[in-house]
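Derivation of every value follows stated rules applied to the coordinates shown; laboratory data play no part. None of these values were measured; they are calculated from a predicted model. Quick reminder, even Gly has a Cβ in these numbers, built from the backbone with ideal geometry, and neighbours come from all protein chains shown.
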Amino acid sequence: MAMNMAGPSGGGGRRGRRRPVMAEINVTPMVDVMLVLLIIFMVSAPLLTVGVPLDLPQTHAKSLDQDKNPLTLSVNLKGEVFLNDTAIGINDLVPKLKAITEARGGLDERIFVRGDKKVDYGTVMKVMGRLSQAGFRRVALVTEVDQG
């Protein structure tokens, strides 16, 4: 009787077996990276939405639906006007807004006006008057939700 020395791998005179090819993917490093990215985005997301630092008045008003990238006008305590995060002169406000809204699709875009609660009422009304005079009809005043 003859003995077969070839073994299951057919390798002949080799001692021991070959390790099978690992077909599984080790996901642990990928999960670690994803968790680190999640933490980074959770910390940095609120910083991206603030824009110009203002102390907004508080109300009990219902929240409006927000667009993906809304146009925001901010009036700070010094009376300076900002378009999104860029300082802008009151005389340059209407031409720049018209150019932006025409590029986006027309005057029906909503504009959010944020004003510090200690800013002069006349300054905010001057901005609102310019918007109304230019034909912008979808203007919303931004406030914080009253916590008390």
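Here are the numbers:
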quantity	calculated
Orientation-averaged projected area, Cα convex hull of the range 69-145 (nm²)	5.0 nm²
Rounded FRET efficiency, nearest 0.05, which uses the C-beta distance separating Ala99 from Tyr121 and R0 of 22 Å	0.15
Top positive-direction residue, dipole computed over the range 97-148 with Cβ charges, set Leu141, Leu131, Phe112	Leu131
